[in-house]
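The values are calculated or read from the model by the stated rules, or taken from the named source; none is laboratory data. Predicted, not measured: the structure shown is a model, and the values here were computed from it. Virtual Cβ from ideal backbone geometry, glycine too; neighbours counted across all protein chains shown. Quick note on the areas: whole protein, heavy atoms, side chains included, nothing else; ligands and nucleic acids left out. Shrake-Rupley method; radii C 1.70, N 1.55, O 1.52, S 1.80 Å.
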Amino acid sequence: MKKVLIFLFFILIISGCGKNTDTPTSEVKRLFSNYNSLSSDVLIQLDSVMESEDLSDEQIVKYKEVLKRQYEDLKYKINDEVISDDKAIVSVEVEVYNLVKAIDESEEYLENNKDEFYKDDKLDSSKFWDYKLDKMKEEKERVKYTIDFSLTKIDDKWNLDELLETDRQKIHGLYK
């Protein structure tokens, strides 16, 4: 009996080791896992995005909180995987907070309440950013987008191709 169990154990190990876990779908799942877990790569990317904005240190912290919440709460569903030789497309439905709605509503509010944000006919952009970031932080409505990720197989390993800017905007909930 003991030999049979050992034999079955080895069969399970051998068959499990032969399973290819490097698929286009697994690579896309890894990407979303990095977003959900706020991996160091995602946080470094987030820092570089923040450097390009003209924000105060306090606003940068608030904006990072908004995007971290977006990443942690991001939901996704793999819809399809199509492989052709060394190219693949993985179609994914993502569900994120509708931050573009919060921004649009903030801009509409600015348009209708200029006296709150303008002084001597000049926009106080810092004050408006504070308002807009508060609205983004409060946003609860979610929106779904479809993203088609392109992958290329290099040296028997699937690699995500460069994300399109529109796909990044979808992940951030900023796509119009």
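Taken together, the residues in the stretch 50-68 that are free of Cβ contacts under 8 Å to residues at least 60 places away in the same chain and among the aromatic types (Phe, Trp, Tyr) amount to 0. The single condition from (1) crowded, with 16+ Cβ neighbours inside 10 Å; (2) modelled with pLDDT of 95 or more that LEU174 fails is (2). Exactly one residue out of PHE149, PHE128 is in contact with a Leu (Cβ under 8 Å, 6 or more places away or on another chain) and without any contact (Cβ under 8 Å) to a residue 40 or more places away in the chain: that is PHE128. Cβ separations smaller than 9 Å between residues 6+ apart or across chains give the following pairs from the stretch 69-83 residues that are farther than 14 Å from MET136 by Cα and polar (S, T, N, Q) to residues that are open to solvent by 50 Å² or more (accessible area, probe 1.4 Å) and not in a helix (DSSP H, G or I): ASN79/GLU93; ASN79/THR146. Among the residues of the stretch 37-47 satisfying the criterion of being in a helix (DSSP H, G or I) and open to solvent by less than 50 Å² (accessible area, probe 1.4 Å), which is nearest to PHE149 (Cα to Cα)? Ranking the qualifying residues of the stretch 37-47, first place goes to VAL42. Look at (1) over 16 Å from the mean Cα position of the chain (by Cα); (2) at pLDDT 95 or above; (3) among the small types (Gly, Ala, Ser) and you find that SER125 fails only one, number (2).
Kindly indicate whether ARG168 is surrounded by 14 or more Cβ atoms within 10 Å (Cβ to Cβ) and free of Cβ contacts under 8 Å to residues at least 12 places away in the same chain.
On the way: surrounded by 14 or more Cβ atoms within 10 Å (Cβ to Cβ): yes; free of Cβ contacts under 8 Å to residues at least 12 places away in the same chain: yes.
Judged against the criteria, ARG168 is a match.
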